[in-house]
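The values are calculated or read from the model by the stated rules, or taken from the named source; none is laboratory data. Since the structure is predicted, the reported quantities are computational estimates derived from the model, not experimental observations. Virtual Cβ from ideal backbone geometry, glycine too; neighbours counted across all protein chains shown.
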Amino acid sequence: MDKLAKITILVAVCLLGVIAHAEDDKKKTGHWTNEIGDATVDFGGDESQRSERRAREEVKKISNDIQKLKDDVIILNKDLRVMEERLLFPSNTKFSVFVSMTSGQFFYLESIKLKINGRFVATHIYSEKQQAAMLRGGVHKLYITNLSEGKHDAIAFITGIGPGGRAYKRAVELSFVKKSGSQYLEVAITDDPVAQEPTFEMKQW
């Protein structure tokens, strides 16, 4: 975000420079007229128009360059995040927890709290946009960490709105064995059409 703010300031400075340059050209050119009978000849008008046209073209070029720079910064940030994740979470100890949701007919997800080995490690409040993304098949990365091999326990506390608009609170837990290599837990929220109730499950991948 700081890089994008700097780019915005740079654009503003460049635009001010271009405008000042155009005004300076206009002052240098002047605007001389000579009347011949009823006709008026404008000697400075053409040059003024050319200066304004050059200024507009320069502004357009700067805008294109800035947009390209913004795109490059976004790509660079993505690459840096991937590199940072690889350095912080080596593949042999990496452990991630994801949240998925299907249908959503009987449950509106509000928040999830995650506890691993008796310690709260993550809390997330979901927006309508995030819920819509998950209902389209997306998943939310709730937590990522380094976890040693061996036995561990995980509990997810889920809150939201259930059938009939009533408050809904559930907890799902799982004891699992972490092996070598990257592993995942999924907190899956689905609908039970027969019972007309939401179902919650935690499973290891």
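Can you name every residue in the stretch 156-182 that is aliphatic (A, V, I, L, M) and surrounded by 10 or more Cβ atoms within 10 Å (Cβ to Cβ)?
Hits for the stretch 156-182 are 156, 158, 161, 171, 172, 174, 177.
How many residues does the stretch 159-205 hold that are of a type in the set (Gly, Ala, Ser), over 17 Å from residue 106 (Cα atoms) and at pLDDT below 90?
Selection size over the stretch 159-205: 3.
Pairs only if they're at least six apart or on different chains, beta carbon under 7 angstrom, first in the stretch 185-205 and among the aromatic types (Phe, Trp, Tyr), second part of a strand (DSSP E or B); list them, first residue then second.
Once the first residue is among the aromatic types (Phe, Trp, Tyr) and sits in the stretch 185-205, its partners that are part of a strand (DSSP E or B) give 200/158; 200/170; 200/172; 200/189; 205/183; 205/184; 205/186.
Can you pull out the residues in the stretch 183-205 that are closer than 16 Å to residue 145 by Cβ, in contact with a Ser or Thr (Cβ under 8 Å, 6 or more places away or on another chain) and surrounded by fewer than 16 Cβ atoms within 10 Å (Cβ to Cβ)?
184
Would you pick out the residues in the stretch 123-155 that are assigned to a helix (DSSP H, G or I) and surrounded by 10 or more Cβ atoms within 10 Å (Cβ to Cβ)?
Correct list: 130, 131, 132, 133, 134, 135.
Against the definition (at pLDDT below 80 and either under 30 Å from residue 144 (Cβ atoms) or outside any helix (DSSP H, G or I) (or both)), how does residue 99 come out, yes or no?
no
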